[in-house]
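The values are calculated or read from the model by the stated rules, or taken from the named source; none is laboratory data. This is a predicted model, so every value here is computed, not measured. Because the Cβ atoms are built from the backbone with ideal geometry, glycine has one as well, and the counts that use them run over all protein chains shown. With ligands, DNA and RNA removed, areas are computed over all heavy atoms of the protein, side chains included. Shrake-Rupley method; radii C 1.70, N 1.55, O 1.52, S 1.80 Å.
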Amino acid sequence: MNMDNRAETQQLDIPYYQAAGDEVAVFEHAWKNRLPLLIKGPTGCGKTRFVAHMAARLGLPLHTVACHDDLTAADLVGRHLIGDGKTVWCDGPLTRAVREGGICYLDEVVEARKDTTVVLHPLADDRRILPIDRTGELLEAPPSFMLVVSYNPGYQNLLKGMKPSTRQRFVSLRFDFPRAEQEEAILIGETACPPDLARRLVAIAGALRALKDRDLEEAASTRLLIYAALLIKDGMDPVAACRVGIIESLTDDHEVAEALMEVVSATFGR
């Protein structure tokens, strides 16, 4: 394989991502300077895809953890397991990332239990160390290690928020839904749908997002637009595809759903 073909293959392995600003440069600067990164923004606006894109772009392994209410520090660091009559230590994803290098991405980090914060603090400052109390190890993160966390500020409350002492250890990026022309480019790039369909779906999203905090708890995400575009490309009726791909994912209220469907029907001339 010649150099041009290798470069082309490497490019094909990078997940598609349409930059909205200087986030790519910020990520690269943070990685080069061994700084942890916090990404905040609404659900489905591209945070996870951006991290996957940057990991591939930098040629780094990606260790992703989907945080949830039951996630503990032991789930991240590791624990002793019993097998074949003996106790064996098993690294968690955070420990593996520190040992091997690469990006450890904690998605929706505020959903995890509070004891995870204690684990992250020494990794997220200039020490860049991971103490493992149960084995007595003190791991130093290699230059290729990077800690990245994300959360949706819209879900924050008194019980689930990021403490200032934690937040101020990170370089922070604010994500939002892309501008209309950028979102159309994303839909076309992700689904190869016709430009006219991309414009209609983005117009629907714009109308629905205007209703957030009034009739909807969460805005229509770019991810949902991609779902609808894929269904329509596969031959599904556009209005029906928007119902199952977008509207029913936004609300359980039948009356609200029918009201939102009026936006869809009007957009597709029904």
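Observations, loosely collected:
- Selection within region 136-145: residues that are in contact with a helix residue (DSSP H, G or I) (Cβ under 7 Å, 6 or more places away or on another chain) and in a strand (DSSP E or B). The member of this set that is nearest to Phe170 (Cα to Cα) is Phe145.
- Residues in region 95-119 that are among the β-branched types (Val, Ile, Thr), more than 15 Å from the chain's Cα centre (by Cα) and closer than 13 Å to Asp69 by Cα: 1 in all.
- For region 147-164, the criterion of being modelled with pLDDT of 90 or more and out of contact with any helix residue (DSSP H, G or I) (no Cβ under 6 Å at 6 or more places or on another chain) is met by at least one residue.
- The strands (runs of 3 or more DSSP E) found entirely in region 24-135 that carry 1 or more residues being open to solvent by 20 Å² or more (accessible area, probe 1.4 Å) and of a type in the set (Asp, Glu) are 86-91, 102-107.
- Being acidic (Asp, Glu), surrounded by fewer than 20 Cβ atoms within 10 Å (Cβ to Cβ) and within 18 Å of Ala19 (Cα to Cα) holds for only one residue in Glu217, Glu255, Glu181, and it is Glu181.
- If you check Leu260, Leu230 for being over 26 Å from the mean Cα position of the chain (by Cα), part of a helix (DSSP H, G or I) and surrounded by 15 or more Cβ atoms within 10 Å (Cβ to Cβ), only one passes: Leu260.
- Extreme residue, farthest from Ala203 (Cα to Cα), among residues of region 233-246 that are out of contact with any Asp or Glu (no Cβ under 9 Å at 6 or more places or on another chain) and either of a type in the set (Gly, Ala, Ser) or open to solvent by less than 40 Å² (accessible area, probe 1.4 Å) (or both): Gly235
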